[in-house]
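The values are calculated or read from the model by the stated rules, or taken from the named source; none is laboratory data. Worth saying up front: this structure is predicted, and the values here are computed from it rather than measured. Using ideal geometry, Cβ is built from the backbone for each residue, glycine included, and neighbour counts are taken over all protein chains shown. Areas reflect the complete protein model, heavy atoms only, side chains present, ligands, DNA and RNA absent. Shrake-Rupley method; radii C 1.70, N 1.55, O 1.52, S 1.80 Å.
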Amino acid sequence: MALENPVPGGGARPPQPCVLVIFGGDGHLSWSKLLPAVYNLNVDGVLPSHFAVVCFGLPSTEAGTKAADPDAYLRDRAKDGIQRFSRQPLNPGHWEDFARSLFFVPGSFGDAAAYEKLKARLKTVEAQFGIPGSRVYYLAVPPGLVAASVSHLRDAGLVSGPDEQRAFSRVIVEKPIGRDLKSAREVIQNVAAAFAEGQTYRIDHYLGKETVQNLLVLRFANSIFEPLWNQKYIDHVQITVAEEEGISNFDEDGKMTSSRVGYYEGVGALRDMVQNHMLQVLCIVAMEPPHSLEPDVVRDAKVNVLHCLRPMRPGTIKENVVRAQYIEGYEHGRRVKGYRHEVRQYFEEFVKKPIPPESVHSATETYVALRAFVDNWRWAGVPFYLRTGKRLPKRASEVAIQFKEVPQVLFNANPETPLEPTVLTLRVQPEEGLAMRLVSKLPGPKVRFYPVKMEFNYISAFGRSSPEAYERLILDVMAGDATNFMRADAVETAWKFVVPILEYWERERARDLPEYQCGTWGPIEADRLIERDGRTWRTL
Ligand code: BG6
């Protein structure tokens, strides 16, 4: 379906010719997300006219280590990743074109000589593709390797100055940015030793999701919402990110086939999901209208929300935050192991290492629910309920704005049978869309009520799937548009909100760690958290 006359949104800058250098180019993120994303940009014809991808890092498979032709090996890996994960199916013509611009420089991030190899290869590739020395470095590496990668890049003379327009250098830093405020500041400073803030793009892929972007448009391109978007009319907001997946995958025989325990253990849902994705979404829901779409104007408006978050204090954490961990349960009738079992199996069988003592009775949370307040004039007294968890009954993420009940007169006069309040729901995934629940009269002679829904669904409205978040964000970096990336102050302010909770939990350790069975909607304590306020979690 062709869309008639879409209206340009303004602010869109064209992507500039460059090489995308993926550190960890043979790693999982690159294989499953980044290379498929770039392939889709190629299919959609939106890449810069002069463009190539150079993957850098140690091969992640045995075949890669033995490969006589690293480029050919990488192209095979990329093809496999695209076949499995790409939004659009692999098309032979596009693939040939894409594969020609894909290269691999094997090397260790800590080895200065590898950067010399990278430098030489970049020169050849740039000459071949007519690229003026502009580079986007994507650090898809564990946080511990960021400092070494950046300083080697600088020492090898691979980073141009912040004012260099023709042969620019930009760096994309993946989350997690640190594991607390102190370590986040270290990461920020390490990167700043080579790249200015204007060259640094801290990625939070939730900011690239179509529906999250649409929040801004919905709020500020329609006149009906903004007058109602405040404590006078809104009762509360619920932000949910529910995941069906756990931390590990198993085959039919219970053998672990893949696992993120190595990353997740000791990290947990608060650091993994709340500190970044969920707080960023909250910011877009709660921010004041920016006066322009300039990146820093939008980012100022968002960071102001973080500054207004009511700090969590030891005395208030228990009543405002619930953490929990999944235990054995059922998913679609299949028995699923609990998190601690996964941790044990990961260390003992999967990586064959002794289990660290602190992980024997792991207190890592796989679920968090919390009640936050944005203490400013717009949001005074309006609770923001956030919940996220793994191994919940289904994958479903949404933002729900629940409006206040109508006064108890007329149709709502009977307190025994209150009318359902109006709810505006933005479905982030799956089935991206938005819905408004309203009360309607049931046809017939009597006045009876029925909740009805006005729906808008992306696929049926636009006739095509939305681009993946990484597609949009990579393109933004090539265009030099930092609007949808986290500025250093936002990262730090989000940590300031989260750290007191982490410290409180650290003191409590496993004492007081509620559990929930796999395939359920979380612990009873999370229900109590919201029910105490006379409200309930939405059914998804
Ligand atoms: C990542 C987290 O940032 O986001 C994962 O590290 C999580 O734990 C993922 O599963 C969720 O992303 P999405 O796009 O699948 O909702």
Residue 148: open to solvent by 40 Å² or more (accessible area, probe 1.4 Å) and either within 16 Å of the ligand (Cβ to nearest atom) or of a type in the set (A, V, I, L, M) (or both), yes or no?
no
If you check residue 304 against the conditions, is it within 13 Å of the ligand (Cβ to nearest atom) and of a type in the set (S, T, N, Q)?
no
If the Cβ limit is 9 Å and pairs must be 6+ apart or interchain, which residue in the range 371-391 that is within 16 Å of the ligand (Cβ to nearest atom) pairs with which residue that is polar (S, T, N, Q) and outside any strand (DSSP E or B)?
389/366; 390/366; 391/366; 391/520
Out of all the residues in the range 435-464, which are part of a loop (DSSP other than H, G, I, E, B) and either among the aliphatic types (A, V, I, L, M) or within 39 Å of the chain's Cα centre (by Cα) (or both)?
442, 447, 463, 464
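A quick yes/no check of all residues on (1) at pLDDT below 95; (2) in contact with a Leu (Cβ under 9 Å, 6 or more places away or on another chain); (3) open to solvent by 10 Å² or more (accessible area, probe 1.4 Å):
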| site | (1), (2), (3) |
| --- | --- |
| 268 | no, yes, no |
| 271 | no, yes, yes |
| 274 | no, yes, no |
| 278 | no, yes, no |
| 285 | no, yes, no |
| 289 | no, no, yes |
| 294 | yes, no, yes |
| 304 | no, no, yes |
Quick test for you: out of 527, 489, pick the one residue that is part of a helix (DSSP H, G or I), open to solvent by 40 Å² or more (accessible area, probe 1.4 Å) and within 26 Å of residue 171 (Cα to Cα).
489
Within the range 122-145, can you find the residues that are closer than 18 Å to residue 198 by Cβ and either among the hydrophobic types (A, V, I, L, M, F, W, C) or open to solvent by 20 Å² or more (accessible area, probe 1.4 Å) (or both)?
135, 136, 139
Tally, over the range 185-204, of residues that are open to solvent by 40 Å² or more (accessible area, probe 1.4 Å) and in a loop (DSSP other than H, G, I, E, B):
1
Would you point out the residue of the range 392-423, among those that are within 16 Å of the ligand (Cβ to nearest atom) and surrounded by 14 or more Cβ atoms within 10 Å (Cβ to Cβ), that is nearest to residue 309 (Cα to Cα)?
399
Got a sec? Which of 351, 261, 322 is surrounded by fewer than 18 Cβ atoms within 10 Å (Cβ to Cβ) and either more than 15 Å from the ligand (Cβ to nearest atom) or of a type in the set (A, V, I, L, M, F, W, C) (or both)?
351
Breaking point among (1) farther than 30 Å from residue 503 by Cα; (2) open to solvent by less than 40 Å² (accessible area, probe 1.4 Å); (3) more than 12 Å from the ligand (Cβ to nearest atom), for residue 164
(2)
Scan of the range 205-242 for residues that are within 13 Å of the ligand (Cβ to nearest atom), at pLDDT below 95 and not in a helix (DSSP H, G or I), ordered by number:
209
What about residue 83, is it surrounded by fewer than 21 Cβ atoms within 10 Å (Cβ to Cβ), modelled with pLDDT of 95 or more and within 24 Å of the chain's Cα centre (by Cα)?
yes
By residue number, the members of the range 22-59 that are assigned to a loop (DSSP other than H, G, I, E, B) and either in contact with a His (Cβ under 7 Å, 6 or more places away or on another chain) or open to solvent by less than 40 Å² (accessible area, probe 1.4 Å) (or both) are 24, 25, 26, 27, 47, 48, 59
